[in-house]
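In what follows, a single structure is set out as structure tokens and then discussed.
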Ligand code: KG4
Ligand code: ZN
């Protein structure tokens, strides 16, 4: 049994996962209310809340179970937020004489699928979150090659900024998606992919195009048009990567993968190309500790040493 801890951004989460990838507990506390009035995540508040909440969250996740290993998100993320999780994990492990494994946050998102089904590499993964938008060729667990990335905003960040332009509040992604789902069939064309015809993503042009349309059309139509434009870009780049590679499986994961329209579009793409498709349930797409526990289970790792700590900028290949 493994105790996993995730505190890279504004979710305080602890989970217990067994070695068959079964979730025995997965407690996720979202700090939305603490950051809402500031319109975004305030790093200092996030760190302080993790510090206050983590003992209680871990106690709830543990119940009367005795884990034999500890896994914790080591990076990337907010330095103060990561430090709380890593320090807690190391102290817990030290007190009980257990090894603690530092996990890359994106590697966690890649592993979320295993908590619900088998999905062996090799496959292509589209990781779409608030901080990342990447296409990754997963050759084997632990062997990753990034084949495309965003040159500016991440997809989730684009959703959040678009939602702010439409005055929908924070966190913007789910709010924009809900408004888009309420729209009729009418759409405004939103162009702005400056990386059209290339492998990499770009979302800042879409955001600027949206800004010029705000006030001229109904918010629901703008939200739906923006969502369609983001989904279309993600589908196009994924299709491009699938054509270039020989993999026959596609994984969609990360917070934005909770988006219904994106899930449907990716599933359709996979079907059209004859590749097997997987996407975790929405609650396992967004940040949670169970996925960090799953990532500690697929291949042997070195335990964190005493002098090793959080790494806010760590890349997947350094991991
Ligand atoms: O993976 P995640 O929980 O945290 C990071 O690692 O960043 O992703 C959070 C991002 C936020 O930008 C949020 O707005 C977006 O995922 N998101 C969504 C939806 N649910 C969450 N974006 C669009 N539609 C959704 N339903
Ligand atoms: Zn994430």
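The values are calculated or read from the model by the stated rules, or taken from the named source; none is laboratory data. Since we're looking at a predicted model, the values are computed, not measured. Note that we place each Cβ from the backbone using ideal geometry, even for glycine, and neighbour counts take in every protein chain shown.
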message: Among the numbered criteria (1) over 16 Å from residue 189 (Cβ atoms); (2) in contact with a helix residue (DSSP H, G or I) (Cβ under 8 Å, 6 or more places away or on another chain); (3) at pLDDT 95 or above, which one does residue 227 miss?
response: (1)
query: Right, residue 222: within 21 Å of residue 150 (Cα to Cα), surrounded by 22 or more Cβ atoms within 10 Å (Cβ to Cβ) and in contact (Cβ under 8 Å) with a residue 12 or more places away in the chain or not?
result: no
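Can you report the number of residues in region 1-14 which are under 17 Å from the mean Cα position of the chain (by Cα) and either within 12 Å of ligand 2 (Cβ to nearest atom) or farther than 14 Å from residue 53 by Cα (or both)? Give the steps one after another, and end with the answer.
Filtering region 1-14 for residues under 17 Å from the mean Cα position of the chain (by Cα) gives 4-14.
Right, trim to either within 12 Å of ligand 2 (Cβ to nearest atom) or farther than 14 Å from residue 53 by Cα (or both) and you get 4, 6-11, 13.
Residues flagged as under 17 Å from the mean Cα position of the chain (by Cα) and either within 12 Å of ligand 2 (Cβ to nearest atom) or farther than 14 Å from residue 53 by Cα (or both) within region 1-14 amount to 8.
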Residues of region 129-150 that turn out to be farther than 12 Å from residue 106 by Cα and either within 16 Å of ligand 2 (Cβ to nearest atom) or modelled with pLDDT under 95 (or both), as a count: 2
- prompt: Would region 272-280 turn up any residue that is crowded, with 18+ Cβ neighbours inside 10 Å, assigned to a helix (DSSP H, G or I), within 13 Å of ligand 1 (Cβ to nearest atom) and at pLDDT 95 or above?
  reply: no
message: Any residue that is in a strand (DSSP E or B) and touching a strand residue (DSSP E or B) at 6+ places or on another chain (Cβ under 9 Å) - is there at least one of those in region 233-250?
response: yes
- prompt: Taking region 12-48, which residues are buried (at least 21 other Cβ atoms within 10 Å of the Cβ) and either free of Cβ contacts under 8 Å to residues at least 12 places away in the same chain or farther than 24 Å from residue 167 by Cβ (or both)?
  reply: 12, 13, 14, 15, 16, 17, 26
- prompt: Residue check, residue 160 against (1) out of contact with any strand residue (DSSP E or B) (no Cβ under 7 Å at 6 or more places or on another chain); (2) over 22 Å from residue 311 (Cα atoms); (3) touching a residue at least 12 places away in the same chain (Cβ under 8 Å); (4) away from ligand 2 (no atom under 16 Å from the Cβ), all met but one. Which one?
  reply: (4)
Region 266-280, residues that are more than 15 Å from ligand 2 (Cβ to nearest atom) and either within 14 Å of the chain's Cα centre (by Cα) or within 11 Å of residue 114 (Cα to Cα) (or both): 278
message: List the strands (runs of 3 or more DSSP E) inside region 104-210, counting only whole elements, that have at least 1 residues being within 30 Å of residue 298 (Cα to Cα) and near ligand 1 (Cβ under 9 Å from one of its atoms).
response: 123-128
- prompt: Can we say residue 289 is out of contact with any helix residue (DSSP H, G or I) (no Cβ under 6 Å at 6 or more places or on another chain), closer than 28 Å to residue 61 by Cβ and in contact (Cβ under 8 Å) with a residue 40 or more places away in the chain?
  reply: yes
